[in-house]
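Just so it is clear, none of the values below were taken in a lab; they were calculated from the coordinates. All values derive from a computational prediction rather than experimental measurement. Here Cβ is always computed from backbone atoms with ideal geometry, including for glycine, and neighbour counts include all displayed protein chains.
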Amino acid sequence: MGEHTWLKWPLLAAAFLFPFTVVSVPDGGSGTYVLPALFGVFLAWPAWRHLAPEERRVLLGILAFYLVVLLTLINTENYSLALDKFDRYTRVLLMIPVYVLIRRVGIVPGRAFLYGCVVAGFTLAAHGWYQVHVQGMGDAAGIYHKIVFGDAAVEFAAILVIAMLTLARRPWQYALLGLSTAAALYASVLSVTRSSWLFVIVFAVALLWWYRRELGRRGWAAVGAGLVLLIAVGAVWQPRTIIHGVERGIQNLKTYEVKPGAPTSWGIRLNLWHDALLLFAEHPILGTGVGDFDVERNRLIAEGRARDLPSFGHAHNQYFHSLATTGLVGLIALLVCLFYLPARFFVGAWHRASTDWGRFYALAGLSVLLAFGVFGVAETWLARMPFANLFGFPLLVLLASAAAETSAAAETGAASGSGARPPGESAA
């Protein structure tokens, strides 16, 4: 490969710009994603035959997911709304031409993307601080929504942590990555996005699991000491924003127990989840069809089977929403095609990695999948275009970079050496 090299710098620029424009600049994420996709649609395909079987498997999985969602249109009544919703699914489909184009040009965009994540940590913190402390907004929301803003902040923070673990070697690198990570977490706190805080906890547990063999007794002792210190600092400091956010969530659940119809944040979510399961029970195979969630839910309300609470065109949970609108077939396609197959690719890339950058791409890719696995608990991320961008573009960049790193190592014979072992696996 290595063709159309005139696209090298535009593609690297897109990878660099994406992290700090996606939730801070109007259409920033779409611009840095769709433009490469347009070139990919026309120029990428000769490189398909050069892709490794595991690369093709992931890309064909993405196509299969899209086709399954397309199949659910046979149950759809509101086609105008369905076509609008399909923009989000199409954005995921565009991962394919951009990926193949990157592989044809022969670049490794992961480095530029990481540099963009470093910048994003600081810019997200500055954006959030300005909205909360200067504009007087209650929560930092970026240009879209507080949930999108907060989730983007912790997604990039996780990638920065992975970079510290795999790439950083010098004090200034640890300092820069650490400060950017702290800034991104600060932005998340300002957004008061509880699902992003949940991901931070899950991500920390995942890191401990991935590196459990490498920690040893001293490492686990250090983790234990750090956890005690964190609890002590939290007990003394008690950051008001986090405490109030958690208390508000707990109060929502208590209110739901007493008054299930109260329009609280979690009360609405729980009711929407209940309604989604009712719709799934009526259409278990292919669901109601994309675009029909509100149509069918309004019918349930008219029949007295659902509470008349605000709806948002989705179930506020990716898994329940998939069950309701695409049925069991759609949920299985989501889990297998968008999560399992890419995760399998990244685990294999970790096994084959012989460089620090190769290990970074593999673990960073797994962290993106883990993030959206958690985000899906409280948000239907395939119902929002910014979320579709935040899933698709980072994932394709890390997939392409991991594949390029593996190919380069194979060509030089480096992969035939001792290599690296996957997280949690001790040396034989």
* **Ordering of 318-330, 2-14 by burial proxy (mean other Cβ atoms within 10 Å per residue, highest first)** => 318-330, 2-14
* To do: Express the C-alpha Rg of segment 136-182 as a ratio against the empirical globular expectation 2.2 N^0.38 Å, rounded to two decimals.
  => 1.42
* Structure fact -> Output ordering of 41-49, 267-275 (per-residue mean of other Cβ within 10 Å, highest first) is 267-275, 41-49
* Structure fact -> Expected unfolding gain across VAL295-TYR211 under the 0.36 nm per residue rule, minus the alpha-carbon gap, is 25.5 nm
* To do: Provide the FRET efficiency to the nearest 0.05 for the LEU328-TRP172 pair, computing r from the beta carbons and using R0 = 60 Å.
  => 0.70
* **Residues CYS337, CYS117 arranged by fewest to most Cβ contacts within 10 Å** => CYS337, CYS117
* Listed peptides 292-304, 387-399 by packing density, highest first (mean Cβ within 10 Å) -> 387-399, 292-304
* Structure fact -> In nanometres, the difference between 0.36 nm per residue of separation and the alpha-carbon distance of LEU71 and TRP129 is 16.4 nm
* Structure fact -> Shape call for segment 272-398, from the Cα gyration tensor axes a ≥ b ≥ c (a/c under 1.5 means rounded, otherwise prolate when a/b beats b/c, else oblate), comes out prolate
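For segment 65-107, state which trypsin sites (Lys or Arg not before Pro) are in a DSSP loop and have at most 10 other beta carbons lying within 10 Å of their beta carbon. Walk me through the numbers on the way to the answer.
Values: sites: LYS85, ARG88, ARG91, ARG103, ARG104; in loops: none.
Sparse-neighbourhood loop trypsin sites (Lys or Arg not before Pro): none present.
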* Asked: When the distances between all Cα atoms of segment 80-165 are binned every 5 Å from zero, what whole-number percent does each bin get?
  -> 3, 11, 15, 15, 17, 17, 12, 7, 2, 0
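If segment 1-140 were replaced by its equivalent ellipsoid, with semi-axes equal to the square roots of 5 times the Cα gyration tensor eigenvalues, what would those be, largest first, whole Å?
30, 25, 12
Could you compute the net charge surrounding ALA37? Neighbours are other residues with a C-beta less than 15 Å from the C-beta of ALA37; K and R count +1, D and E count -1.
Net charge around ALA37: +2.
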* Asked: Is segment 355-394 rounded, prolate or oblate when judged by the Cα gyration tensor, a ≥ b ≥ c being the square roots of its eigenvalues, rounded requiring a/c under 1.5 and prolate requiring a/b larger than b/c?
  -> oblate
* Loop-resident sites, segment 39-120, for GluC sites (Glu not before Pro), counting at most 12 other Cβ within 10 Å (DSSP) -> GLU77
* Most exposed first by the Cβ proxy, i.e. fewest other Cβ within 10 Å, how do PHE375, PHE65, PHE203 rank? -> PHE203, PHE65, PHE375
